[in-house]
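Q: I'd like to ask some things about the structure below.
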Amino acid sequence: MASHGTTVESEHAKRPNTRRAFGTVKKLVMAYGSFSVAVLAVVIALSVMGREVTSFMWGRAGGMFASAVVAYWLTVIASRGARWAYLRVRVIAVVVPIAIVAVDSIPGALPLWFVVLQIAGALALAPTAFIVNRPELRAAFPKAR
């Protein structure tokens, strides 16, 4: 098995079902990333135009973008057989959409356009949780003995 720092492709990555699953996950994470870019771009544009942009909006937009970059990076590494990356993708896929919806549900904290774009991103990422937690994909990353 590959060590923590390497991305040597393991046997599981050669399986057609595993390749397809990770291909789908990559696309979903890219869709999530596209929404994160859209949110950040609007926040930047509003700021440049002199409109009010709160530090909370900056933090949420930047955090969403950073999480998309990290999620994609981990997905690529997991698709090459790294169990440690796969475990992190499983956590991100479940926690991030829930966290986005929970925070965006705070009444009056964020403008409607912001909430809509972030929730759209969360909805794009949510199916990933079901894919990476399927028994056949979990079986492709057995615990080290």
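Q: Every residue in the range 5-45 that is open to solvent by 70 Å² or more (accessible area, probe 1.4 Å), modelled with pLDDT under 95 and among the hydrophobic types (A, V, I, L, M, F, W, C), please.
A: First pass over the range 5-45, keeping only residues open to solvent by 70 Å² or more (accessible area, probe 1.4 Å): 5, 8-9, 11, 14-17, 19-20, 27, 30, 34, 37, 44.
Imposing the further condition that a residue be modelled with pLDDT under 95 reduces the set to 5, 8-9, 11, 14-17, 19-20.
Residue satisfying the conditions is V8 alone.
Q: Right, something else. Could we say that G50 is open to solvent by less than 20 Å² (accessible area, probe 1.4 Å) and modelled with pLDDT under 95 here? Don't jump to the end; show me each part of the working.
A: Numbers: open to solvent by less than 20 Å² (accessible area, probe 1.4 Å): no; modelled with pLDDT under 95: yes.
For G50, the condition - open to solvent by less than 20 Å² (accessible area, probe 1.4 Å) and modelled with pLDDT under 95 - is not met.
Q: Then there is this: Working only within the range 100-117, note down all residues that are part of a helix (DSSP H, G or I) and over 12 Å from the mean Cα position of the chain (by Cα).
A: The initial filter retains those residues of the range 100-117 that are part of a helix (DSSP H, G or I), namely 100-104, 112-117.
Of everything in the range 100-117, those that are part of a helix (DSSP H, G or I) and over 12 Å from the mean Cα position of the chain (by Cα) turn out to be V101, A102, V103, D104, L112, W113, F114, V115, V116, L117.
Q: Report yes if V96 is aliphatic (A, V, I, L, M), more than 13 Å from V132 (Cα to Cα), free of Cβ contacts under 8 Å to residues at least 24 places away in the same chain and in contact with a helix residue (DSSP H, G or I) (Cβ under 7 Å, 6 or more places away or on another chain), otherwise no. Reasoning before the result, please.
A: Working: aliphatic (A, V, I, L, M): yes; more than 13 Å from V132 (Cα to Cα): yes; free of Cβ contacts under 8 Å to residues at least 24 places away in the same chain: no; in contact with a helix residue (DSSP H, G or I) (Cβ under 7 Å, 6 or more places away or on another chain): yes.
The answer is no for V96.
Q: Quick check on the range 99-145: of everything there that is of a type in the set (V, I, T), buried (at least 16 other Cβ atoms within 10 Å of the Cβ) and without any contact (Cβ under 8 Å) to a residue 60 or more places away in the chain, which residue is farthest from V42 (Cα to Cα)? Full working, then the answer.
A: Of the residues in the range 99-145, the ones of a type in the set (V, I, T) are 100-101, 103, 106, 115-116, 119, 128, 131-132.
Remaining after also requiring buried (at least 16 other Cβ atoms within 10 Å of the Cβ): 100, 115, 119, 128, 131-132.
Next cut, without any contact (Cβ under 8 Å) to a residue 60 or more places away in the chain only: 100, 115, 119.
Working: I100: 18, V115: 12, I119: 15 Å.
Among those that are of a type in the set (V, I, T), buried (at least 16 other Cβ atoms within 10 Å of the Cβ) and without any contact (Cβ under 8 Å) to a residue 60 or more places away in the chain, it is I100.
Q: Does A122 satisfy the criteria of being closer than 13 Å to V29 by Cβ and touching a Pro at 6+ places or on another chain (Cβ under 8 Å)? Don't jump to the end; show me each part of the working.
A: Numbers: closer than 13 Å to V29 by Cβ: yes; touching a Pro at 6+ places or on another chain (Cβ under 8 Å): yes.
Spelling it out, A122 is indeed closer than 13 Å to V29 by Cβ and touching a Pro at 6+ places or on another chain (Cβ under 8 Å).
Q: Just to be sure I understand, how many residues within the range 55-74 are over 30 Å from G23 (Cα atoms), without any contact (Cβ under 8 Å) to a residue 40 or more places away in the chain and surrounded by 13 or more Cβ atoms within 10 Å (Cβ to Cβ)?
A: Count: 1.
Q: Also, quick follow-up: Report, by residue number, each residue of the range 16-64 that is of a type in the set (V, I, T) and assigned to a helix (DSSP H, G or I).
A: Here is the first cut: in the range 16-64, the residues of a type in the set (V, I, T) are 18, 24-25, 29, 37, 39, 42-44, 48, 53-54.
Matches in the range 16-64: T18, T24, V25, V29, V37, V39, V42, V43, I44, V48.
Q: Let me ask another. Go over the candidates R138, R90 one by one and state the one that is under 11 Å from the mean Cα position of the chain (by Cα), closer than 19 Å to R15 by Cβ and either in a helix (DSSP H, G or I) or at pLDDT 95 or above (or both). So that I can check it myself, show each step before the final result.
A: Details: R138 fails: under 11 Å from the mean Cα position of the chain (by Cα).
It is R90.
The values are calculated or read from the model by the stated rules, or taken from the named source; none is laboratory data. What you see is a predicted model, and the numbers here were worked out from it, not measured in a lab. Glycine also receives a Cβ, built like all others from the backbone with ideal geometry; neighbour counts cover every protein chain displayed. Calculation scope for accessible area: heavy atoms of the full protein, side chains included, ligands and nucleic acids excluded. Shrake-Rupley method; radii C 1.70, N 1.55, O 1.52, S 1.80 Å.
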